[in-house]
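Asks: Quick one: this structure, given as structure tokens, is what I'll be asking you about.
The values are calculated or read from the model by the stated rules, or taken from the named source; none is laboratory data. Worth saying up front: this structure is predicted, and the values here are computed from it rather than measured. Quick reminder, even Gly has a Cβ in these numbers, built from the backbone with ideal geometry, and neighbours come from all protein chains shown.
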Amino acid sequence: MIRKAVLEDLHSIEDTYNEHFQYEQEHTAFTVFKKGVYPTKEGAEQAIDNGALYVYEEQGRIAGSIIMDAVQPIEYAAMPWRGNFSAEEILVIHLLLVRPSMSGRGIASLLLQFAAELAQKNHRKALRLDTGAQNIPAVSLYEKDGFEIIARAPKKVGDVIAHANHLYLEKIL
């Protein structure tokens, strides 16, 4: 079940982030995320306060989350987006994360489908997001879901982690 996150979910969301950090420490790191820097419990709390964080819950356990709103990061202004849409016509996915112990079940695809449905319901014409070029699992997922790579350029992930090889993707709805 996908639902809007509430403050009572913060501990579980943070646990999901921590499981991700632990997994990347023990296995291949596909993201440039850093524990205590991004993503954080404080960032999740702010997203909840802004009504931008949704969770995928399975049998009472949060298995994944997605943060999305209409706020485009500063780097987006320089991208050659396919769609020439106003800010009100865009929904930006800022963070999509699935608990590693629950990956491979299609949860990320369900969260992307939910984002597209929410965008269309709110008269948005495109979804935009960004990810590191080295994050092959995410890039593959996004392309499979219909996102197109628009550009490759530097970005500050979470507005704090500098990353030179970043991809910007768009899905016209």
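Asks: How many of the residues in region 66-86 are in contact (Cβ under 8 Å) with a residue 12 or more places away in the chain, in a helix (DSSP H, G or I) and surrounded by fewer than 15 Cβ atoms within 10 Å (Cβ to Cβ)?
Replies: Looking only at region 66-86, we keep the residues that are in contact (Cβ under 8 Å) with a residue 12 or more places away in the chain, and these are 66-73, 75-76, 78-83, 85.
Still in the running and in a helix (DSSP H, G or I): 75-76, 78.
Those still in the list that are surrounded by fewer than 15 Cβ atoms within 10 Å (Cβ to Cβ) too: 78.
Residues in region 66-86 being in contact (Cβ under 8 Å) with a residue 12 or more places away in the chain, in a helix (DSSP H, G or I) and surrounded by fewer than 15 Cβ atoms within 10 Å (Cβ to Cβ): 1 in total.
Asks: Taking region 1-48 on its own, how many of its residues are assigned to a loop (DSSP other than H, G, I, E, B) and farther than 18 Å from residue 138 by Cα? Even if it seems obvious, please write down each step before you answer.
Replies: To start, the set of residues in region 1-48 that are assigned to a loop (DSSP other than H, G, I, E, B) comprises 1, 5-6, 27-33, 35-37, 39-40.
Subsequent filtering for residues that are farther than 18 Å from residue 138 by Cα retains 1, 5-6, 35-37, 40.
Looking only at that region, the number is 7.
Asks: Report yes if some residue within region 127-136 is touching a Leu at 6+ places or on another chain (Cβ under 7 Å), modelled with pLDDT of 95 or more and surrounded by fewer than 21 Cβ atoms within 10 Å (Cβ to Cβ); otherwise report no.
Replies: Scanning region 127-136 turns up no residue that is touching a Leu at 6+ places or on another chain (Cβ under 7 Å), modelled with pLDDT of 95 or more and surrounded by fewer than 21 Cβ atoms within 10 Å (Cβ to Cβ).
Asks: Cβ contacts < 9 Å: first residue closer than 19 Å to residue 35 by Cα and touching a residue at least 40 places away in the same chain (Cβ under 8 Å), restricted to region 137-161; second residue hydroxyl-bearing (Ser, Thr, Tyr) and not in a strand (DSSP E or B), any location; separation 6+ or different chain. Result?
Replies: Every condition considered, the pairs that remain are 157/31; 158/40.
Asks: So, in region 77-111, how many residues would count as being aromatic (Phe, Trp, Tyr) and modelled with pLDDT of 95 or more?
Replies: Applying the first criterion (aromatic (Phe, Trp, Tyr)) to region 77-111 yields 81, 85.
In the following step, the residues that additionally are modelled with pLDDT of 95 or more were identified as 81.
Looking only at that region, the number is 1.
Asks: List pairs: first in region 1-16 and in contact (Cβ under 8 Å) with a residue 60 or more places away in the chain, second of a type in the set (Phe, Trp, Tyr), Cβ under 8 Å, 6+ apart or cross-chain?
Replies: Short answer, once both residue conditions are applied: 2/54; 2/56; 2/114; 5/54.
Asks: If you scan region 154-173, which residues turn out to be at pLDDT 85 or above and either closer than 16 Å to residue 82 by Cα or surrounded by 21 or more Cβ atoms within 10 Å (Cβ to Cβ) (or both)?
Replies: Scanning region 154-173 gives 155, 166, 167, 168, 169, 170, 171, 172, 173.
Asks: What's the total number of residues in region 24-44 that are more than 17 Å from residue 164 (Cβ to Cβ), in contact with a helix residue (DSSP H, G or I) (Cβ under 7 Å, 6 or more places away or on another chain) and touching a residue at least 24 places away in the same chain (Cβ under 8 Å)?
Replies: 3
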